[in-house]
1. For LYS290, list the aspartates and glutamates whose Cα falls under 13 Å from its own Cα; do not include residues on the same chain fewer than 8 positions away.
2. Measure out, as a whole number of angstrom, how far apart the alpha-carbon centroids of region 247-305 and region 169-215 sit.
3. Excluding ALA114 itself, calculate the net charge of residues whose Cβ lies under 10 Å from the Cβ of ALA114, where each Lys or Arg counts +1 and each Asp or Glu counts -1.
4. If you place +1 on the Cβ of every Lys and Arg, -1 on the Cβ of every Asp and Glu, and leave all else neutral, what size is the dipole of the chain about its Cα centre, to the nearest 20 Debye?
5. Report the net charge of residues surrounding CYS143, where surrounding means a beta-carbon distance below 13 angstrom and charges are Lys +1, Arg +1, Asp -1, Glu -1.
6. Out of (i) 0.96; (ii) 1.12; (iii) 0.99, which label holds the value of Rg/Rh (Cα atoms, Kirkwood Rh) that was computed here?
7. Provide the packing ranking of 31-39, 81-89, i.e. peptides ordered by the mean count of other C-beta atoms within 10 Å per residue, highest first.
8. Any idea what the alpha-carbon Rg over 2.2 N^0.38 Å comes to for region 104-183?
Amino acid sequence: MREITIGTRGSKLAVIQAEELLAKLREAFPGLKAGVVKIKTTGDRYSATALDEFSGQGIFVKELEKALLDRQIDLAVHSLKDLPTEIPDGLTLSAATARLDPRDVLVSKAGKLAELVSGSKIGTGSPRRAVQLLALRPDLQVCGIRGNIDTRLRKVAEGEFDGVIVAAAAMIRLGWKDRIKEYLPVEHFTPAVGQGTLGIEIRSEDKEFATLVSKINDEPTWQAVTAERTFLQALGGGCRAPIAALGIVSANTLKLTGMVASIDGVHILRATKDGSASTPEQVGKRLAQKMAEMGALALITSAVEPSQS
C-alpha cells in the first residue's frame with residue numbers, strides 16, 4: 001500500500017488523537033507508511049465565538065471533509081462528538097476506536113460540585129452541560145467559554161472561573177488526569193453522542209481504506225455510537241436543543257440512555273431502552289420514539305424556534 005495521509009485538526013488534543021490512531025494502524029499493519037496533516041477548521045479559526053452563534057453544523061469537520069473529497073487526505077480522524085449525523089455524499093464514517101471514559105469531569109480549585117459555594121462561576125460552551133449542571137445546582141453561575149483545553153484550564157488557574165466542565169477523555173489523552181477534581185455521574189450528566197470516541201471518515205468508494213480501518217474498529221463501541229447517532233438523527237440531530245445519549249454494551253445487550261432538555265433547562269427528559277447490540281439502529285430509533293411520546297419534540301422545536309412573545 002502507498003503512503004497514506006491522515007487529516008486532523010491542529011490542536012494539541014487533535015494531534016494526540018491522530019497519533020493515537022496512527023499507532024493503532026501501525027500495530028495492525030507493521031511497516032505501514034503514513035503521515036499526519038493538520039487542517040485548520042472554522043471552529044478553530046473563530047475560537048472566541050460561542051458555538052451557538054455559528055450557522056449549521058460541522059464547524060470542526062467541514063474543512064477536513066473537503067480535504068477528503070479533494071483527495072488531499074485519505075482518512076480524517078474526528079472526536080466523534082464533533083461529527084454531525086448527516087455526512088456529505090461521497091464520504092462515510094467507517095470505524096470508531098475503543099471508547100475512553102465517556103463522562104464529563106469538573107476541573108476546579110474550589111472543590112467538587114457539591115462543595116462549590118453559591119454563585120461560583122463554571123465555564124462551559126455546551127448547552128447540554130449547562131442545563132444538566134443547573135438542574136443539580138441552580139445557584140451556580142454558568143459562563144460561556146471557548147478555546148482549547150489549555151485555555152479553559154488556565155482560566156481556572158488564574159481565577160477567572162471557579163471551575164470548568166470538560167470531557168474526561170480529553171483530560172486522559174492529554175495526560176492530565178491528576179487535574180480532574182470530580183468525574184460527573186452519567187445519571188445526571190448524560191454525555192454528548194460519541195463522546196470519548198474517535199471516528200474515522202473516508203471516501204465511500206475507497207474499499208482499500210475501508211478494509212484498513214476495519215482492523216482498528218472496536219465493535220462494542222461501534223454498536224454503542226451507532227445507536228447514539230441514530231437516536232440523535234431520529235430526533236433531528238441538527239438542532240441546537242440539548243440532546244445527549246450514551247450506549248453501553250454488555251454481552252449482546254445494548255442499553256441506551258437518552259436526555260433531551262429545553263434550552264432554558266426548565267424541562268429535562270430522560271429515558272432508557274435495551275435491545276440487541278447486533279441491531280443498534282433499532283435501539284436508537286425505539287428510544288427516539290419513546291422520548292418523542294414523552295414530549296421531546298416540543299422541547300426540540302422550542303429550541304430551534306424560540307417563542308417571539
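No lab work stands behind these numbers, since they all come straight from the coordinates. These numbers come from a predicted model, not from an experiment. Cβ placement follows ideal geometry from the backbone for every residue including glycine, while neighbour counts extend to all protein chains displayed.
1. Partners within reach: ASP274.
2. 20
3. Overall, the nearby charge balance is 0.
4. Result for the chain is approximately 440 debye, rounded to the nearest 20.
5. +3
6. So the calculated entry is the one marked (i).
7. 81-89, 31-39
8. 0.98
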